Amino acid sequence: MYPYKVVGKGTVEVTCPVCGNAKQIEVGEAGLKRLDDSDMLIQIAIPHVPPEFREMLISGTCPDCFKAMFAAFEEDEEDI
């Protein structure tokens with residue numbers, strides 16, 4: 001379901017499709033089990049993981065690329 005590969009006990013790796021950089025994210029063994037075995041919302045399954053890395057687990061997009069993609073929208077909101 002999520003675009004990651006397991007690289008260690010409780011550690012996953014996600015490669016950003018935009019920039020190609022890989023990031024290892026510590027989700028914990030219990031968190032990994034919850035991600036793999038349930039339909040639980042990600043913020044409930046791994047609440048200790050920062051939101052920007054939870055987003056990377058969902059979309060694959062790293063925090064820097066995600067921020068860059070939506071920077072134009074943030075600028076438009078400031079003009080209102």
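Consider the stretch 1-54 and keep the residues that are among the basic types (Lys, Arg) and assigned to a helix (DSSP H, G or I). The one that is surrounded by the fewest Cβ atoms within 10 Å (Cβ to Cβ) is Lys33.
Among the listed residues Glu55, Glu29, which satisfies the condition of being more than 15 Å from Tyr2 (Cα to Cα) and either more than 9 Å from the chain's Cα centre (by Cα) or among the acidic types (Asp, Glu) (or both)? Spell out the reasoning first.
Working: Glu55 fails: more than 15 Å from Tyr2 (Cα to Cα).
Criteria check complete, one pass: Glu29.
Out of all the residues in the stretch 68-77, is one or more surrounded by 12 or more Cβ atoms within 10 Å (Cβ to Cβ) and either of a type in the set (D, E, K, R) or part of a loop (DSSP other than H, G, I, E, B) (or both)? Checking the stretch 68-77: not a single residue is surrounded by 12 or more Cβ atoms within 10 Å (Cβ to Cβ) and either of a type in the set (D, E, K, R) or part of a loop (DSSP other than H, G, I, E, B) (or both).
For the stretch 44-80, the set of residues classified as modelled with pLDDT under 90 and among the aromatic types (Phe, Trp, Tyr) consists of Phe70, Phe73, listed by residue number.
Scanning the stretch 28-45 for residues that are in contact with a Gly (Cβ under 6 Å, 6 or more places away or on another chain) and under 19 Å from Thr15 (Cβ atoms) yields a count of 1. Of the residues screened, Leu57 is not one that is touching a Gly at 6+ places or on another chain (Cβ under 7 Å) and assigned to a helix (DSSP H, G or I).
The values are calculated or read from the model by the stated rules, or taken from the named source; none is laboratory data. A quick note: this is a predicted structure, and the numbers were derived from the prediction, not measured. Using ideal geometry, Cβ is built from the backbone for each residue, glycine included, and neighbour counts are taken over all protein chains shown.
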